[in-house]
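What follows is a set of notes on a single structure, which appears directly below.
Nothing in this text is a laboratory measurement; each read-out follows from the coordinates by a stated rule. Predicted model, so just to flag it, every value in this text is computed and none were measured. Cβ sites come from the backbone with ideal geometry, for glycine too, and all protein chains shown count toward neighbours.
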């Protein structure tokens, strides 16, 4: 048996540059791993099967299953695997839970099946499963380009504490597609926010929260009815420079230190809200 813990992510920046000829959107983003994690266990088995502690995810549509089958087909392997998934990352939250599970599956089964695929080969497969999956083969802090699948590792973000709030609102199954469809050319940027973030990371030192940016925040309140109210509650409890995590609806705020994070986290929990206090994670 092979057991892997795999991290979630936030986007320090996420800019949409425009719509591409292939129907996708061109993005630039700085992704950051955080220590909120799923745990996956893999055993060689006939066929591909998945058991998850959230039964709704134990299906052939799960990105981990899709990654396993893609790896099997691309390598021409007849080996199979039984996958057990314990979720610690909230589902459909904008934190990359499905993509990180897919990346872990590619890494684990490449080892378990002794396929010997290179990182570049795994990156190619990851990009076919999910735009975010390639990032999780690196982790840490990285620049994403194209659909987000072209990854360039960056100097690490100074260790930081992050408070997450996952609001209890209905999320459509195709939320990311809906967000992209809500954008118009007035929402597009030139990559200047990401360029500044990359420069700051190369310079070292603290990153001002005011440097964070997410294009989807321009349309998120319309896409997620009720989100604005939770944003305001988060702010009223002391969060500063609140941002949307990826395609949402999770909200996050960088905090000055652990004590401030603990105070904000406890305030959210007292309100009966789903909250997490996490740290950023450097690349191994």
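Using C-alpha pairs under 8 Å with a sequence gap of at least 6, the mean separation divided by the residue count of the stretch 94-134 gives a relative contact order of 53 percent.
Spherically averaged projected area of the convex hull of Cα atoms, the stretch 194-257: 4.8 nm².
With the highest mean first, a sort of the peptides 40-50, 132-142 on other beta-carbon atoms found within 10 angstrom per residue produces 132-142, 40-50. Entry for the stretch 36-123 at q = 0.11, 0.13, 0.21 Å⁻¹: log10 I(q)/I(0) = -0.27, -0.38, -0.96, Debye formula applied to identical alpha-carbon scatterers, no solvent contribution.
Rounded to the nearest 5, the antiparallel percentage of DSSP beta bridges internal to the chain is 85%. The protection proxy used here, the mean number of other Cβ atoms lying within 10 Å of each residue, ranks peptides 51-63, 145-157 as follows, highest first: 145-157, 51-63. The stretch 240-282 and the stretch 51-115 have their alpha-carbon centroids 28 Å apart.
The largest-to-smallest principal axis extents of the Cα set in the stretch 2-153 are 44, 31, 26 Å.
Computed from the C-alpha gyration tensor, the three semi-axes of the ellipsoid equivalent to the stretch 161-279 are 23, 22, 10 Å, from longest to shortest.
Averaging 1/r across all pairs of distinct Cα atoms in the stretch 104-171 and inverting the result yields a Kirkwood radius of 13.9 Å. Peptides 167-176, 99-108 ranked from most to least packed give 99-108, 167-176, packing being the mean of other C-beta atoms within 10 angstrom over each peptide's residues. Per residue, the average separation of C-alpha pairs within less than 8 Å and at least 6 apart gives the stretch 206-284 a relative contact order of 23 percent.
Normalised by 2.2 N^0.38 Å, where N counts its residues, the alpha-carbon radius of gyration of the chain equals 0.99. Can you tell me the FRET efficiency between residue 22 and residue 262 if r is taken as the Cβ-Cβ distance and R0 is 45 Å, rounded to the nearest 0.05? Between residue 22 and residue 262 the formula returns 0.50.
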